[in-house]
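The values are calculated or read from the model by the stated rules, or taken from the named source; none is laboratory data. Keep in mind the model is a prediction, meaning the values are calculated, not measured. Neighbour counts run over all protein chains shown; Cβ positions are idealised from the backbone, glycine included.
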Amino acid sequence: MAIHHTELETPPGREPLPESERPKLETLRERLQPLKELPGSSIEALYAAQELFSYVPPEAMTLIAEELKIPESQVFGVVTFYTMFSLEPQAPNVLRVCRDLSCHLAGAPKLIGALEDALGVRHGHTSPDGQFTLKVVSCLGLCDMQPALLVNLDQHGPVMPDDVPDLLDGIRNGAG
């Protein structure tokens, strides 16, 4: 039985997807079609959802589970395991700074401080202009680029505190 986007239920305690966002579920359904026959395509499907919504809403998880014929709990597990996915709306530019040992020793704390100062926000929050969400995350797998930073999915490193103004200006001007 196919569930159409108007039938997808919101879990208790969560705000339903706004009506203006619901058409994106059909777009997501279309994007999932080529993935249906590919084993292990849940991460690709979640990237598609996050690209459309800026996060992975519960309705998108339900749709992904239905279309890929996998348990919804499995989809939720992937979303909550990987730091690249969010359950809450994100700014257009998500900055992820690695905090693991090698990046820490290479200056990640100073980089985080410089980003917080430049954005006017502590990590874990979105800048007042709504353009940047700053996250401190575990290993990005970029140990050769320490201290490493991801801007959405674009790799940067090594990034030093003095690089922050030019980096943010480049992102604001579309060179991110």
Legend entry - Unique residue being more than 30 Å from Arg31 (Cα to Cα) and touching a residue at least 24 places away in the same chain (Cβ under 8 Å) when the list is Leu111, Leu68: Leu111
Inset, instruction - Check segment 154-176 and report whether any residue there is in contact with a Phe, Trp or Tyr (Cβ under 6 Å, 6 or more places away or on another chain) and touching a residue at least 24 places away in the same chain (Cβ under 8 Å). - result: no
Inset, instruction - Kindly indicate the residue of segment 55-75 that is over 10 Å from Ser42 (Cβ atoms) and surrounded by fewer than 17 Cβ atoms within 10 Å (Cβ to Cβ) and also nearest to the chain's Cα centre (by Cα) among those meeting that condition. - result: Tyr55
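Residue-wise test of (1) out of contact with any Cys (no Cβ under 8 Å at 6 or more places or on another chain); (2) surrounded by fewer than 10 Cβ atoms within 10 Å (Cβ to Cβ); (3) at pLDDT below 95; (4) not β-branched (Val, Ile, Thr).
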site	(1), (2), (3), (4)
Ala2	yes, yes, yes, yes
Glu9	yes, no, yes, yes
Pro18	yes, yes, yes, yes
Glu21	yes, no, yes, yes
Leu32	yes, no, no, yes
Gly40	yes, yes, yes, yes
Ala45	yes, no, no, yes
Phe53	yes, no, yes, yes
